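Beneath this line is the structure, given in structure tokens, with notes to follow.
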Amino acid sequence: MDCEGEDLRGAAEEAADLLAALGARTLAIQNPIGRDYPAGNKLACLGVETGAEKTVFLDSDMLCLRDFDHQARFERPFNAKPADFATYGADAARWERAYAACGLTLPASRICATVSGELMPPYFNAGFVAARRDAGLARAWAECARAIYADEAVPDKRPWLDQIALP
């Protein structure tokens, strides 16, 4: 399938039909970054009103094979998978500028990228994010992303803005 015209609309309709058949609730959301950064939609997803204790965001290319809500680590207020690679880099000066855009200082802690094994500042795959409903993550994540996006001193923020702003 190509990504033009009727074929794309057909795929969207098929996806909507599948979601309806699965009993999924669908809502319109507002991308807090803007139309020129389509991945920004995920920042708004965590702010969707729900009765659930925890909101989980999964990118459309993620597959959930079993329940995870009874695992001890899911009891934490925030869950995210470390990035596979340090795609934004491990350069402290670059990260310091991103943190400074949000009025924060770079933490001393480092984590390992799950595929490359590189040590890097906290940097997560924004395709799996879970947060307690009362944590305020959607608002804070969007505020940080907007601050980083607006700060010209922060280099190379595309296409990783959502992941840079998450930690």
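The values are calculated or read from the model by the stated rules, or taken from the named source; none is laboratory data. All values derive from a computational prediction rather than experimental measurement. Note that we place each Cβ from the backbone using ideal geometry, even for glycine, and neighbour counts take in every protein chain shown. For accessibility, only protein heavy atoms count, side chains too; no ligands or nucleic acids. Shrake-Rupley method; radii C 1.70, N 1.55, O 1.52, S 1.80 Å.
Restricting attention to the stretch 68-91, report how many residues are open to solvent by less than 50 Å² (accessible area, probe 1.4 Å), touching a strand residue (DSSP E or B) at 6+ places or on another chain (Cβ under 7 Å) and either assigned to a loop (DSSP other than H, G, I, E, B) or not hydrophobic (A, V, I, L, M, F, W, C) (or both). So the answer is 4. Report yes if some residue within the stretch 128-143 is farther than 24 Å from Thr50 by Cα and either among the hydrophobic types (A, V, I, L, M, F, W, C) or open to solvent by 20 Å² or more (accessible area, probe 1.4 Å) (or both); otherwise report no. No. Of the set (1) open to solvent by less than 40 Å² (accessible area, probe 1.4 Å); (2) under 18 Å from Glu152 (Cα atoms); (3) part of a loop (DSSP other than H, G, I, E, B), all apply to Leu104 but (1). Being free of Cβ contacts under 8 Å to residues at least 60 places away in the same chain and either crowded, with 20+ Cβ neighbours inside 10 Å or more than 16 Å from the chain's Cα centre (by Cα) (or both) is not true of Arg94.
Quick grid of which residues meet (1) in a loop (DSSP other than H, G, I, E, B); (2) surrounded by 14 or more Cβ atoms within 10 Å (Cβ to Cβ):
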{"site": "Gly23", "(1), (2)": "yes, no"}
{"site": "Asn31", "(1), (2)": "yes, yes"}
{"site": "Leu43", "(1), (2)": "no, yes"}
{"site": "Glu49", "(1), (2)": "yes, no"}
